[in-house]
Each structure stands twice: as C-alpha cells, then as structure tokens.
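Trainee: Got a structure for you, written out below as structure tokens; questions coming shortly.
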Amino acid sequence: MPAVVASGSGDTPEYEGRTTIYVLVCVTIAAFGGLMFGYDIGISGGVTSMDDFLKKFFPTVYERKQHAYENNYCKYNNQFLQLFTSSLYLAALVASFAASRVCSKAGRKPTMQIASVFFLAGVLLTAGGLNIEMIIIGRILLGCGVGFANQAVPLFLSELAPAKMRGALNISFQLFITIGIFVANMVNYFSSKIHPNGWRISLAIAGVPALMLCLGSLLICETPTSLIERYKVEKGRKVLRKIRGVENVDDEYDSIVHACEMARQVKDPFRKLMKPESRPPLVIAILLQVFQQFTGINAIMFYAPVLFQTVGFGSDAALLSSVITGVVNVFSTVVSVYLVDKAGRRILLLEACVQMFISQTIIGAVLLKDLKTTGGNLGKGEAIFVVILVCVFVMGFAWSWGPLGWLIPSETFPLETRTAGFAFAVSSNMLFTFVIAQAFLSMLCHMQAGIFFFFAVWIIIMGMFTFFLLPETKGVPVDSMVDKVWKQHWFWSSFMGLDDYNTEVKVV
Ligand code: BGC
C-alpha cells in the first residue's frame, strides 16, 4: 500500500493511519476547554437575571427591574451589570497573546494546563464572592483561563487530527462549548429557585470542567508538530505513530519536519504576520471571528433569559426558553460534525447566512410591530413564535459560523505563524464578544427592535465575503495550506510569492 494515497478530491495527499482511540481520548479531554468557555457564556445571563444576585451586587438594577413596565427595552441596561459579563472577555483578549507565546515555547499541553489553573482560581473568587471587587477579579481570572484554553485547544485538535477527520474532531471544541452553554442554562433554571445563594451554585459548577481538563491533561500527549518544532524529534515521531496507529508515518513526519524547518527560519512570528504573504489567513481569521460575533449570537446566548423576559415571559419561562435554545444549539452542532468534512466549510457558512438573515429579520419585524417601548408585552402566541425563530437562528449558527469560526483559523496558518496568527483570531473573538456583551443591553434599550435589523445587515456582508473570498479547506492537510489553498486562490494568490505559483487548479 502506498504511503501517500489520493484523497477523494483527487488533488490532496492523504497520509497513512487511522483515527485511533487514543486520539479520541485526547480530543475529548482537550475539548473540556470548550466546556469551560461555554459554561461561562451560558451562566452569566441567568445569574445576572437572578434577584438574589442583583440585590447583593447591583441594587439599582434590582430596583429598576421592579418597575419593569416602565420601558420594555431598557429594564436591564446598566454598564456595571454588563461589566460583570464582559470583563472576562477583555481579560481573555490580553491573555491570548501571552498564551500564544507559551503555546509555541512550551507546547499546547502546558498551555491547556495553565488555562485550567487560572479558571479554577476564578471559580473560587466568583462563587465565593463577597463584594463586587472579588467578583470582577474572579471574572478576570476566568478570562485568563478562557484566553489560554481557546488559544491552545483548537490548535491542539487540528494538529492531532488526521486531515480527513480534522473538521469533525476540531468541532468537538464547539460541541463542548454548546454543551457548556446548555448545562449552564439548566443549572441556572434550578439554582434560581434556591435562595439566597443559588447564584453561588451556578458559578461554582464552572469548576467541574476546569478540574476535568486539569486532571485529564495528565493523560494526553503533546502534538507531534509542537514536539518536532521544539527539537524533540524522536519523541515527535513516536507520538505520531501512536496517534495514527501505524508504524509507517514517514510521509506525514517529513511534511511536519519540512514545516518546522520553514518555521525555524522565522525569528519573529508577529513580524512575519505583518508581511503580505501572511495576509490571507490573517484577514480571514480575524474577519471570521468578527463576523461570528456580528451574527448576534451572543446577544442571545448571554441575554436569552433577559430577552425572553423582554418579550413577555415570566422569569421562570424565560430561563426555560433559553434551555430550549441550548438544546437546539447542541444538536445542530452535531450536524456540523457530520457534514463539515463531507459538504465542506463554504456551503455550511453560506446556507446559514440565508437562514440567520431570515430569522433575524422576522424577529425584528414582530418586535417592531407589537412590542412597544411601554405598556404590555407580546401576546403568548407571538412570544412563542419569537422563541421558535430564535431556535431557527441558533440552528443555522450552530452548524456553521460557531464551529467554523474556530476551525478555519486553526487550520489555515502555516506553522511559522500558526500560534501568533491564531492569537489574533482568539483576541478578535474576545474583543467582539466583549463589545456585544457590553453594548447589547444598551443597544436593545436605544435601537429597540432595530437591533435585529442591524445584525441582519451584517449577515449579508459576511455572506458576500464567504462567497467571494473564503477558499474551501476541506481535506487539505494543515501543513499544505500554502501550496494547496492560498497559492491557488483567484484573489489571495496575489499576496503569495509568485515564483512557484501553480496555475493548474483554481480553488474557489
Ligand atoms: C462563539 C461564542 C458563542 C458560542 C455559541 C462560539 O463559537 O465563539 O461566542 O457564544 O459559539 O454556541
């Protein structure tokens, strides 16, 4: 049997080996990093709508909530309350750059271990919080944990996975994010009934995935790429044999060694990132994350209970509705695991744009028509209709922009700029998550139903970008992207060195 066989698409090599149980174990453990992130996304909205929590830390918001009917769209608008949610993302933004250095100097595995320790410290401070200062410092530590985990986990997964399964295995990160959000919604639903310390239970449970990652990381290996890059060549080959389950890994090994040699010539990856030939993956990594956030997903993930209360559900029903969107989020992500390496990345992103555009626009129209600034809420039927539309929106996001916002940046940088480039993806995600978390309640208050049209316009822009400028990366080995993708693309090839430009195949 030849060591390199042609893949389904005919122009991409496929290395020998299979997806071993050991790889699946490593993938599952690493994905607990996603669970930490997701749990955090899901827990904040519920906690900030719990009366016990508001009374203790945000008494003015609590007072305003008592006069809920004064202004339907503005009852939760408070910069401090939003700071509770968003401080984490600001910390993660800064931490991701430090994490990128640790990731390339020490490896992916220690970066994940550091993430779990930061996270555990953050859990102690938030769950045990006595005053607002403790809570905010705790959120910052959680943010450092998220910054380190989100930097290392997707790279770890993409480097460990065989090319033909890379999409599916990488999406386990997003799958765990969605499970985290869902579990958090459930926990909030029950803990909101426990007075006066239910919110502490919600915040404390975040320690579970962090502990799993911390302990589980003792069992996992470092990626062969990271080992070989750091001159642990023989260990790298050994790990490659172990994860591929075959003796002959020469071709894949040679390609990693080649990528490492190229990478070593680059002394300053951040400077290299500013060069024209780094522009295609860099622009795409940043824009995918910006677009991901401007779908408006986190307006829903953070504030679903608040949003559903705004349209007229009581606080119990509102939390329950966000449990429903949580389930939809998890199951729709599984669709992506199944389709991403078959249908490819582009088709998922484009289809979802249509679906998300339609749902956002109708939600906006319903609220514009029937939810006035003051006075009554939507009728029951209409409120349920809004929940269904939110589910349709979440479904589209979950099989496209959610997972692919992480997958594509983790697979498209050459090794020499991979950790530095990916840090830009993580920090853009955090920056715009912060912007949405910080601004959404004020935007809802000022733009009212118009906020949904605002997101709909962004969805058109991202659809156009995907259609014209995003190449397909399905099945291409991580260390062959430059030759197989960027040098072949109708637009991005103009940024690459023209010396060995291959005119044979153009990738759309
Ligand atoms: C995004 C998060 C979002 C989540 C929803 C992730 O990919 O980065 O911001 O809340 O998906 O499932």
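The values are calculated or read from the model by the stated rules, or taken from the named source; none is laboratory data. Source: prediction; values computed, not measured. Positions of Cβ are backbone-derived with ideal geometry, glycine not excepted, and every protein chain shown enters the neighbour counts.
Trainee: Being under 14 Å from L160 (Cα atoms) and buried (at least 18 other Cβ atoms within 10 Å of the Cβ) is the filter; apply it to the stretch 20-67 and report the residue that is nearest to the chain's Cα centre (by Cα).
Mentor: Here is the first cut: in the stretch 20-67, the ones under 14 Å from L160 (Cα atoms) are 20-31.
Retained after the next criterion (residues that are buried (at least 18 other Cβ atoms within 10 Å of the Cβ)): 23, 26-27, 29-31.
On the way: V23: 21, C26: 19, V27: 16, I29: 17, A30: 14, A31: 12 Å.
Among them, the one singled out is A31.
Trainee: Still on this structure: Out of the residues in the stretch 158-204 that are of a type in the set (F, W, Y) and within 16 Å of the ligand (Cβ to nearest atom), which is nearest to T419 (Cα to Cα)?
Mentor: As a first pass, look at the stretch 158-204 and keep what is of a type in the set (F, W, Y): 173, 176, 182, 189-190, 199.
Add one more test, that the residue is within 16 Å of the ligand (Cβ to nearest atom), and what stays is 173, 176, 182.
Numbers: F173: 17, F176: 22, F182: 30 Å.
Among them, the one singled out is F173.
Trainee: With the requirement that a residue be at pLDDT 95 or above and either within 24 Å of C445 (Cβ to Cβ) or more than 16 Å from the ligand (Cβ to nearest atom) (or both), what does the stretch 25-51 give you?
Mentor: V25, C26, V27, T28, I29 - these are the residues of the stretch 25-51 that are at pLDDT 95 or above and either within 24 Å of C445 (Cβ to Cβ) or more than 16 Å from the ligand (Cβ to nearest atom) (or both).
One line per residue, one yes/no per condition, for (1) buried (at least 18 other Cβ atoms within 10 Å of the Cβ); (2) assigned to a loop (DSSP other than H, G, I, E, B); (3) more than 16 Å from the ligand (Cβ to nearest atom):
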residue	(1), (2), (3)
K342	no, yes, yes
I347	no, no, yes
F393	yes, no, no
V426	yes, no, no
T433	yes, no, no
A437	yes, no, no
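Trainee: Under the condition of being hydrophobic (A, V, I, L, M, F, W, C) and without any contact (Cβ under 8 Å) to a residue 60 or more places away in the chain, which residue from the stretch 344-361 is farthest from G34 (Cα to Cα)?
Mentor: Of the residues in the stretch 344-361, the ones hydrophobic (A, V, I, L, M, F, W, C) are 347-350, 352-354, 356-358.
Okay, now just the ones that are also without any contact (Cβ under 8 Å) to a residue 60 or more places away in the chain, so 347-348, 352, 358.
Details: I347: 25, L348: 21, A352: 22, I358: 29 Å.
Top of the filtered list is I358.
Trainee: Follow-up. Tally up the residues in the stretch 179-195 that are in contact (Cβ under 8 Å) with a residue 12 or more places away in the chain and out of contact with any Phe, Trp or Tyr (no Cβ under 9 Å at 6 or more places or on another chain), please.
Mentor: Qualifying residue count, the stretch 179-195: 5.
Trainee: What are the pairs, 6+ residues apart or on separate chains, where a residue within the stretch 312-334 that is in contact (Cβ under 8 Å) with a residue 60 or more places away in the chain has its Cβ under 7 Å from a residue that is among the polar types (S, T, N, Q) and not in a helix (DSSP H, G or I)?
Mentor: Pairs found: G312/N377; S315/S49; L319/S192.
Trainee: Take residues that are under 20 Å from A99 (Cβ atoms) and either under 30 Å from the mean Cα position of the chain (by Cα) or of a type in the set (S, T, Y) (or both) and tell me which of the helices (runs of 4 or more DSSP H) falling wholly in the stretch 215-293 contain 1 or more.
Mentor: Numbers: elements: 224-229, 233-244, 250-264, 269-273.
Output list reads 224-229, 250-264, 269-273.
Trainee: What about I284, is it among the aliphatic types (A, V, I, L, M) and modelled with pLDDT under 95? I'd like the intermediate steps shown before the answer.
Mentor: On the way: among the aliphatic types (A, V, I, L, M): yes; modelled with pLDDT under 95: no.
So I284 fails the test.
Trainee: More than 16 Å from the ligand (Cβ to nearest atom) and touching a helix residue (DSSP H, G or I) at 6+ places or on another chain (Cβ under 6 Å): which single residue out of Q265, Q309, Q289, Q293 fits that description? Working first, answer last.
Mentor: Details: Q265 fails: touching a helix residue (DSSP H, G or I) at 6+ places or on another chain (Cβ under 6 Å); Q289 fails: more than 16 Å from the ligand (Cβ to nearest atom); Q293 fails: more than 16 Å from the ligand (Cβ to nearest atom).
Just one listed residue meets the conditions, Q309.
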